[in-house]
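All of the numbers you see were taken from the coordinates with simple rules; none came from a lab. All values reported here derive from a predicted model rather than from experimental measurement. Using ideal geometry, Cβ is built from the backbone for each residue, glycine included, and neighbour counts are taken over all protein chains shown.
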């Protein structure tokens, strides 16, 4: 697997992996602070490799918070491995997500509600409940308020390994891929998710798959998603007339 480790914001590090014969990359984010956080545990099979790179940033055993959007292998596949090596670590999820995690994890999670905050020290994570956005009923997002970085999970997914190549973000291609894979549902939940993003002060959007989006790219993405959502909802309405 190709790996790239870099610092995308002050003490926020990205560990990007691109598997052999893959078509999208997988990002894991480490926030180095008094109470360190790992955003996305990654797949179970990549635990040892990601652990080695986390160890270049912090002592992995000191991780306090394990954060992810929803119950899916790339989000939390190696959750138990991280819980095993970091005795103070807890999964930070909402009640709905815990209905799955509680049956899987080796110890209880920290259950968060919309608007709750995790104080890491210098950094602070705002928890946002976003059902079905980017996807899955239990979905949520995390916003780091100090650097104004939104950890957007699958929103903004890009093909290939742009982290390594430095390829510019292509907003139209993001939408094309999203429509082909059908992983973000159109409708009221998308509207609510987009509105929630607009209420935040976001300078950077740290995607799980691909390069971060800057403020202008975020604005462009939200606008094009809103237009497409309106079109799809109108088509659905006309189909029933």
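Summary table
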item: Global form of region 1-136, assessed from the alpha-carbon gyration tensor, a/c cut-off 1.5; result: rounded
item: Computed E for residue 49/residue 21 - FRET, C-beta separation, R0 22 angstrom, nearest 0.05; result: 0.85
item: Over region 78-209, relative contact order from alpha-carbon pairs under 8 Å, at least 6 apart, %; result: 21
item: Per principal axis, descending, Cα span of the chain in whole Å; result: 57, 39, 33
item: Distance from region 1-52 to region 200-241 (C-alpha centre basis), Å; result: 25
item: Sites residue 230 and residue 124 - FRET efficiency at Förster radius 41 Å, r taken between beta-carbons, to 0.05; result: 0.75
item: Mean Cα-pair separation over length for region 2-239, i.e. relative contact order, pairs under 8 Å, 6 or more apart, %; result: 16
item: Cα gyration tensor shape of region 186-241, rounded if a/c is under 1.5, else prolate or oblate by comparing a/b with b/c; result: prolate
item: Principal-axis tilt of helix 188-198 within the chain, Cα atoms, nearest 10 degrees; result: 60
item: Spatial separation of Cα centroids for region 83-133 and region 140-198, in angstrom; result: 21
item: Evaluated at q = 0.13, 0.14 Å⁻¹: base-10 log I(q)/I(0), Debye formula over Cα of region 96-183; result: -0.60, -0.69
item: Degrees separating the helix 171-181 axis from the principal Cα axis of the chain, which is the longest one; result: 90
item: Approximate spin-label separation residue 56-residue 167, in nm, with each point projected 7 Å along Cα-to-Cβ; result: 2.2
item: Gain in span if fully extended, residue 1 to residue 107, counting 0.36 nm per residue against the direct Cα distance; result: 35.1 nm
item: Ranked 46, 62, criterion: other C-beta atoms within 10 Å, fewest first; result: 62, 46
item: Rounded to 10°, Cα long-axis angle of helix 215-239 versus longest principal axis of the chain; result: 50
